[in-house]
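I have placed the structure first, in the form of structure tokens, so that the comments after it can refer back to it.
Every number in this text was worked out from the coordinates using simple rules, so none of it is lab data. In this text the structure is predicted, and so the values were computed from the model without any measurement. Cβ placement follows ideal geometry from the backbone for every residue including glycine, while neighbour counts extend to all protein chains displayed.
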Amino acid sequence: MDYNRLAELLFPQIKTTPEEIEARYPKRDLPEGAKVTRMGPSPTGFMHLGNLYGALVDERLAHQSGGVFYLRIEDTDKKREVEGGVQTIIEAFSSFGLPFDEGATLEGDNGAYGPYRQSQRAEIYQTFVKSLVQRGMAYPCFCTEEELAEAHRQQEANKENFGYYGKYAVWRDRPMEDIEAELQKGTPYVVRFRSEGSIEHKIRHEDLVKGKMEVTENDQDVVILKSDGIPTYHFAHVVDDHLMGTTVVVRGEEWLATLPVHLQLFRAMGWKPPKYAHTAQLMKIDPETGGKRKLSKRKDPELALTFYASEGYPVPAVLEYLMTLLNSNFEEWRRANPDKPMNDFPFSTKKMSGSGALFDIEKLRDVSKNVISRMDADTVYGYIADWSAENDPQFHALITRDPAYSKAYLAIGRGGKKPRKDLALWSDAKGYMDFMFDELFQPDYTMPERVSAEDAKAILADFQGVFDENDTPDGFFEKMKQIASQHGYAADTKAYKADPAAYKGAVGDVSMVIRVAVAGRQNAPDLQTVMGIMGRDKVLERLTKCADAL
Ligand code: GLU
């Protein structure tokens, strides 16, 4: 067979040589050990937690080593592509603060290793396919869908492996005349790689996540170029990651099955394969069955990345939680280093688990509470303002009306060894601080059990007379003790506990009356501080309002 002639027949338009293409992608000038990683999402309009999980690995590996993290849009499947899909990808990653150093952007390409959209790289792929054809390592296949389906049926009946191999590889050794005849008729065709592999052979692979393993060699003549001249994932992966200088490919474990194809293609091209990190699937406990299962697009809203922004999960909390799933020693590190930025943690693929990572949204909420409790009030305020601007404009208008007022409230119980942990989501902020705004104040004047309505009124009246917004919390409590004694409540809780029959209740009941009046509920952060922020007039107004309602 005259392979050169075949190559010219198939690719008359390709005049570039592989060498010319290689010359466009010089070796990257990076320090020793620097890793080059990439995200290769498809613009399907749906970005899921698994994408972010992998991206975090990519980002850490690259930036921890002084390398490059880039974005390549894998848009070879036009059927799955949606309008605005690229924008969704770019926005999702930037909202999670994972900036790409290089790659596709909304304004075009950024970097010297593009084009970064596979749909714009047809000439490159075809050049390499042409050279494989020239070397007899690839050939056209004119099989129709029906013929392939028929082969599949036969394989099923004979209990044979499925696929295009051995006697089922019907175009593998066809004479030139047959090929020319089909080309003349204009029959659509794909280009297949001529596999020399055998399922009798094993190849050793050392995965950065899964460890050492043996995989079976590929004996299938896989499609490398589809009938529209666009490559399959297999070929595009090999060509792009070679040319773009990727050193570590982080991808879902669903690609492990076709790894032998990829290794085989790298060898055929004479290129060094990258290292691979095949990440485990994200699993969850099914609330109905109690069993473990994969996160599902249909059943689990938390699989969509948009869920976290709209529900108000803090970005740093989501990232920290993913890091706890990724590296088994992260939580221990965090406990020892509560105030360090997450990126100081020495991330390592060695600490990644090869089996499924169990995603637990309750655990995420706990992480989130801790993360928020370590932020200062300005930061918390900024996040709540941003979140509410998008998701709750009415609340946004209120908390931004007087930023100093909102920040003073958010500062309560921050800092110190045991910070308050009231907020897990930005959407919790409204319920936590609504009573600070008259517009949202909907009091529930249920008084503590041991306090009658009459006593409550008297306590409120007494407090009106002595209230000073400049008191310290201790000063406030002294006043509470006095009022308690005056009305037959123990000023000292221990005294009450020692002889409950001697009192109506204790000082805590008395201060609860004030809390209920001011906050309209029985739990609120430090009351004197709250009253100091609210100011004299509002506090007096609330005391009166409550007394009137009793
Ligand atoms: N486009 C592939 C996907 O979305 C990327 C896999 C890879 O990172 O190589 O699954």
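A few points about this structure:
- Calculated P(r) tail over 24 Å for region 436-550, as whole % of Cα pairs: 19
- For the listed residue pairs Lys417/Lys497; Lys292/Lys363; Lys27/Lys350, the alpha carbons are over 19 angstrom apart in Lys417/Lys497; Lys27/Lys350.
- Partner aspartates and glutamates whose Cα lies under 19 Å from the Cα of Lys545, excluding those fewer than 8 positions away in the same chain, are identified as Asp434, Asp438, Glu439, Asp444, Glu454, Asp455, Asp462, Asp468, Glu469, Asp537.
- Within region 142-214, GluC sites (Glu not before Pro) in DSSP loop having at most 10 other beta-carbon neighbours inside 10 Å: Glu200
- Summary: within the chain, the longest segment free of trypsin sites (Lys or Arg not before Pro) located in DSSP loops with at most 11 other C-beta atoms within 10 Å is 160-296.
- With a Förster radius of 30 Å applied to the C-beta separation of Gln184 and Glu156, the computed FRET efficiency comes to 0.30.
- Note on the chain: percent of Cα-Cα distances in each 10 Å bin, starting at 0 and stopping at the bin with the largest distance, equals 3, 14, 19, 19, 14, 10, 8, 6, 5, 2, 0, 0.
- Lysines whose Cα lies under 23 Å from that of Lys202, excluding same-chain neighbours fewer than 8 positions away: Lys159, Lys167, Lys210, Lys212, Lys272, Lys275
- Inter-probe distance in nm under a simple model that places probes 7 Å from Cα toward Cβ, at Ala336 and Asp462: 5.4
- When shorter helices are ignored and each DSSP H run of at least 4 residues is given -39500 (n - 2.57), the per-residue value for the chain at 222 nm works out to -13500 deg cm²/dmol.
- Partner lysines whose Cα lies under 16 Å from the Cα of Lys15, excluding those fewer than 8 positions away in the same chain, are identified as Lys130.
- For region 301-441, the direction-averaged projected area of the alpha-carbon convex hull comes to 9.2 nm².
- Region 413-490 and region 314-385 have Cα centres separated by 34 Å.
- GluC sites (Glu not before Pro) within region 13-107, DSSP loop, no more than 14 other Cβ atoms inside 10 Å: Glu32, Glu83, Glu107
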